[in-house]
Amino acid sequence: MRRRIAIPAIVAASVIALVLVMGWPDKKMISRDIGCANVAPERGREICNALSDSMEWTWMGHAIISPGWRVTWSALRRVYCREQISAADLPVLETMKRGSDWRLEDGANDLMRLVGGSGGRATEPENSIFNPTNPHYILKDGCVGNQ
């Protein structure tokens, strides 16, 4: 009788442990710290802090369950609009792309793509959300409600 209960209990505990191990967020991902203290000049730190503050908690990564704080498309739109990112920020964003956290690097790279600084918008494929001709263009509605 004990054996009949023990085996399913062990299997259930093993499954729960496996789910927890696979779904537990990485140490970096449970923090919004993307290394802004090390970003210079001041404009870079402002943009970095805006990216960090606008990150959203998500559960999915690329084809895996990966909980953590990320710069989502809506977060990127908010930063672009609130910080009034322009071509003048491209040199700062370029240095941020060499940051210590992949989320900072991705955020800076995506802001550059919105400005048109990584080859220009003409190089974005038609199915890219960074191409203004795409119906899902990230700035389709401009900055209304994002400032």
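Each value in this text was obtained by applying a stated rule to the coordinates, not by laboratory testing. Everything quoted here is computed from the prediction, not taken from an experiment.
Skipping prolines and chain starts, which residues have an amide H placed within reach, meaning under 5 Å, of the one on Ser66, given they are 5 or more residues away or on another chain?
When sequence neighbours closer than 5 places are left aside, the close amide H contacts are Met60, Gly61.
Any chance you could run the full-extension gain for Thr95 through Lys140? It's 0.36 nm times the residue separation minus the Cα-Cα distance, nm to one decimal.
Full extension from Thr95 to Lys140 adds 13.4 nm.
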